[in-house]
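Some notes on the structure that comes next.
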Amino acid sequence: MPSVTHSLGSPGQVTLGQRWQEEVPVDGSVELPPDRRALDGLGRNHSLHTALADLVDNSIDAEASHVLIRFVRKDGRLRGLYVVDNGKGMSAARINVAMTLGGRREYSEKDLGSFGIGLKAASFSNAKLVTVLSCAAGHAPVGRRLEADPNKRGFHCDVVAEAFAKSELSRRWGIPWSGTGTIVRWDEVFGFPVTDDPTRVEEFITRSMTEIINHLGLTLHRVIEEGRIEIFLDVEDVDHELVGPRSRVDAINPFGYARTGKAGYPKNLVARHGDLQVIFKCHIWPPRSRILEFNLAKGAEKHQGLFFYRRGRLLQAGGSWDGVSVAVRERQLARVEVDIDGLPPGLLAMNPEKSRVQVGPDFAPLAASAVADDGATFADYLTDAEERFRESRKRRRARKSMIPPGKGFAPQLKRAIRDEIPMQDHQAPITMRWTRFDRAHRDDFFRVDRADRVLWLNERFRPPAKSGRRGSNDASLLKSLLYLLMEQAFTGEYLGVRDRDNIELWQEILSMAAKVDVGE
C-alpha cells in the first residue's frame, strides 16, 4: 500500500509545495463566442402560449396599443405565425441588439423584459426560423432573420431586404397603424400538425387559440384591465386570401370575485425585510364558484397559493405555497397576491421564461412573520380559508340527495349539479329528450316516463339555439329548472295524489307559458 509523507509532524497534513496566491495573474484575453448550438437549448421550458406571452411583453414595452397574433394556413396546412404590434418600432442599431443573444438594451422601471434573451428563447422554442421586421419614426424599415441550424458556424444574422420589410409592415393587419411597429414572424414551427386534414388542423387551431387567449388573459389581466393593450388572434388562409373571424383576449382576473368568500377579506399581511416592506394580500374566494376566474386552467384546487406579480404582469398563478404552507384540498379558496417589484433576487427571482418565481431561504420565515392591522397572521388566514371551505361542504351534505342527471344535459351542467347536490349514484339517471307529441297531447309541454326514467319534452316548444344548430344537450337553463322541479316525480314506486296534482299544475302553467312565447 503506498505511503503518504506528512510534514510538520501532524497526522493528515500534506506538503503542498507552492504557496497559495490570492491574485491570479493573466496574460491578455481571447474572444470565445458561444457555440451556435447554444440556440438549441434556448426556451426549453416554453410552451406555445408562454412563448407568445414573452413576445407580447416586448410589444407592451414598445408602448404598443394593439397586438395581433396570426396563424397562417396554406395548402390546408399551418405554415407560419405572426406577432404584429403598433409600438414605437426599432432602428437598425436597436434591431441588431434585439437579435443578439444576451443583447441587453436599457430597461426602464416599467419594462417587462429583463434578461435580453426573451425574443430568441421564445422564438427558437417553437420555430426554426425567426424573422423580425420593424420601423421606427424617422428610420427606414429594417429586418433581420435568425435560423436555428446546428450546421451553421457563428452567430451570423441575415439582413432582410428593405423592400420585403416594407411590404410586410404595410400589409392590412387590421390594427391601428401610424407607420411604426414591429413584426415577429415564425417559419417552420415545430408544434404545428404535419397534415392538411382539415379536422385535425381545425382542432389544433381551436385548442391552441383557447390556450393562448386564456394564458394571455390571465398573465396580462392587470395590463388589459388598465386599457394599456388590446390583443387579438386570427387565421389567414393564403390560398383564398381570406382572414377568419377575430378573437379578442379579455382579462381573466384570478381575484375577480363579485363578493368576498369571508367577511374581513381581502386582508393585507405586512412583513419587513431590511428596509423593505413585503405585502401579502390574502383573499378567500366564495366557495363552489363556477366562473373561469376561479377555476382557471387546472381547477381551483391546483391554483391555490401564491400569485407573484412583477410590474403588473403575473409570473406565477398559484399552484404552490413555496414553503409557507402545503397545498391541500381544504385551502383551495385561498389565494395570495405578492408584488415582487423592488425585492432583492436573493429573496425572490423570476425565471427567464417569466413563468415561475424562485424563492430564497428567507422567504418562508418572512411570510410567517407577516401581520395584519388586526393582528392576524398567515396561520390565521389559512385557518379562516379552511373553515370557510368546510362550512360550504357541510351545507352541501345536509341537502337532500337526488337522482343524477343523464343524457340531454350538457357536461358542465351535470358537473355543476353534482357539485351542489349529493347524488343517488345507485339510481338510473334521468334523461331529457325532445320529440314530437301526437295530436292528443299536442298542447302538453312534457310527458313523464317513469319506467325508463325519461322526461319527454314537446319539440313544438323547443327554444331556438343561439348558434342556429340544435343539439341533444341544448336548452340548459330550461332543463336545469325542469330537473329541479320534477326530479321527485321519478322517486318512489308510485306517484302519490300530491305528486300527480303537482304534475298537472306544472303541465298547465308551462304549456301556457310556452304558447305565449311562440305567439299562440
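Numbers for the structure displayed
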read-out: Cα long-axis angle, helix 378-398 against the chain (0 to 90 degrees, to the nearest 10); value: 20 degrees
read-out: Cβ-Cβ FRET estimate between Asn295 and Gln488, R0 fixed at 35 Å, reported to 0.05; value: 0.70
read-out: Size-normalised alpha-carbon gyration radius of the range 304-378, reference 2.2 N^0.38 Å; value: 1.09
read-out: Net +/- balance of residues flanking Ser480 in space, Cβ distance below 14 Å, scoring K and R +1, D and E -1; value: +1
read-out: Spatially proximal aspartates and glutamates relative to Lys88 (Cα-Cα < 17 Å; intrachain offsets below 8 disregarded); value: Asp57, Asp61, Glu63, Glu106, Asp111, Glu168, Glu230
read-out: Dipole magnitude of the range 133-212, debye to nearest 20 (Cβ charges: Lys/Arg +1, Asp/Glu -1, about Cα centre); value: 400 debye
read-out: Assigned charges on the beta-carbon of Lys, Arg, Asp, Glu; the range 228-289 dipole about Cα centre (debye); value: 1040 debye
read-out: For the range 402-496, the Rg and Dmax computed from alpha carbons only, in angstrom; value: 13.6, 41
read-out: Antiparallel %, DSSP beta bridges [both residues in the range 394-477], to 5; value: 35 percent
read-out: Gain upon complete extension [Asp419, Val328; 0.36 nm per residue less C-alpha separation]; value: 30.9 nm
read-out: Whole-number percent relative contact order across the range 369-441, with pairs defined as alpha carbons under 8 Å at least 6 apart; value: 29 percent
read-out: Summed residue charge, Cβ within 13 Å of Val67's Cβ, Lys/Arg positive, Asp/Glu negative; value: -3
read-out: Neighbour net charge for Leu296 - beta-carbon separation under 13 angstrom, K R +1, D E -1; value: +1
read-out: Calculated diffusion of the range 175-334, Stokes-Einstein form, Kirkwood radius summed over Cα pairs, 10 °C and 1.306 mPa s, µm²/s; value: 84 µm²/s
read-out: Chain lengthening between Gln277 and Arg447 when straightened (0.36 nm per residue, less Cα-Cα); value: 54.6 nm
read-out: Only Lys, Arg (+1) and Asp, Glu (-1) charged, at Cβ; the chain dipole about Cα centre in debye; value: 1360 debye
read-out: Portion, in percent, of the accessible area of the chain that falls on carbon or sulfur, probe 1.4 Å; value: 51 percent
read-out: Pairs of Cα atoms farther than 40 Å apart, the chain, %; value: 46 percent
read-out: Entries of Lys298/Lys407; Lys120/Lys267; Lys267/Lys400; Lys262/Lys407 with Cα pairs more than 32 Å apart; value: Lys120/Lys267; Lys267/Lys400; Lys262/Lys407
read-out: Per residue value of the accessible surface for the chain (all protein chains in place, 1.4 Å probe), Å²; value: 55 Å²
read-out: Relative contact order of the chain, defined on C-alpha pairs under 8 angstrom at six or more residues apart (%); value: 10 percent
read-out: Given charges at Cβ of Lys, Arg, Asp, Glu: the range 395-483 dipole, positive-most of Phe446, Tyr483, Ile417; value: Ile417
read-out: Extended-chain gain in nm, criterion 0.36 nm per residue less alpha-carbon gap, Ile509 and Glu459; value: 16.3 nm
read-out: Ranked by how many other beta carbons lie within 10 Å on average, peptides 327-337, 54-64, 168-178 from highest; value: 54-64, 327-337, 168-178
read-out: Bins of 5 Å, starting at 0 and running to the largest distance - Cα pair percent for the range 216-269; value: 4, 15, 17, 13, 14, 12, 9, 5, 4, 3, 2, 1
read-out: Crossing angle, helix 48-61 versus the chain [Cα axis fit, 0-90 degrees, rounded to tens]; value: 70 degrees
read-out: Ser65-Ala428 FRET efficiency (beta carbon distance; Förster radius 60 Å; 0.05 resolution); value: 0.60
read-out: Cβ-based charge dipole, the chain, positive-most Cα from Phe461, Phe389, Gly227; value: Phe461
read-out: Theoretical FRET efficiency, 1/(1+(r/R0)^6), r = Cβ-Cβ of Arg399 and Asp149, R0 60 Å, to 0.05; value: 0.40
read-out: Nearest-ten-degree value, helix 476-486 long axis tilted from longest Cα axis of the chain; value: 50 degrees
read-out: Percent of beta bridges antiparallel (DSSP, the chain, rounded to nearest 5); value: 75 percent
read-out: Dipole of the range 268-351, positive direction: furthest Cα of Ser325, Leu276, Pro286, with charges on the beta-carbon; value: Pro286
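The values are calculated or read from the model by the stated rules, or taken from the named source; none is laboratory data. All values reported here derive from a predicted model rather than from experimental measurement. Cβ coordinates were reconstructed from backbone atoms using ideal geometry, including for glycine residues, and neighbour counts include every protein chain displayed. SASA here: full protein model, heavy atoms, side chains in, ligands and nucleic acids out. Shrake-Rupley method; radii C 1.70, N 1.55, O 1.52, S 1.80 Å.
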